[in-house]
Amino acid sequence: MLDELIARGLPTHPNPRNIPHQTSKKRHTKEARIRAIREHEAGRSQAEICRQLNITAPPFYRWKKQLGMMTNSDAQRLRTLEKDNKELKQMVADLLLEKRVLKIALEKKL
């Protein structure tokens, strides 16, 4: 079968460009990012932290800019608020869809 694919000029493995884009999970949680920032503030070198987390300097400084004043409890609270916000947005979308369906049904009756 592999020989047939090669003979036809077809790829022998899936082309990643044809696969729909899937968002990847973040490798480091906000809590881990905050912990890394606190370690840096405590005196540990940025290079050592980056080596341990397998990242380069720019992401580390971006984390520091975004999460510098945040504590772990703040991060957990933010995660809860983001989850609640997502649920509310879904509810609004559902209600708007239901409203649109009812409006179309009402127009057809008249």
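Bear in mind these aren't lab numbers, they're just calculated from the coordinates by the rules spelled out. Quantities reported herein were computed from a predicted structural model and do not represent experimental measurements. All Cβ positions, glycine included, derive from the backbone under ideal geometry; neighbour counts span all protein chains shown.
Residue pairs whose Cβ atoms lie under 9 Å apart, separated by 6 or more positions or on different chains, with the first residue in the stretch 85-107 and polar (S, T, N, Q) and the second outside any helix (DSSP H, G or I) and surrounded by 10 or more Cβ atoms within 10 Å (Cβ to Cβ), do not occur.
Can you tell me which residue within the stretch 74-110, out of those that are surrounded by 10 or more Cβ atoms within 10 Å (Cβ to Cβ) and of a type in the set (G, A, S), is farthest from the chain's Cα centre (by Cα)? This residue is A93.
Scanning the stretch 35-63 for residues that are in a helix (DSSP H, G or I) and within 20 Å of D74 (Cα to Cα) turns up R35, A36, I37, R38, E39, H40, E41, F60, Y61, R62, W63.
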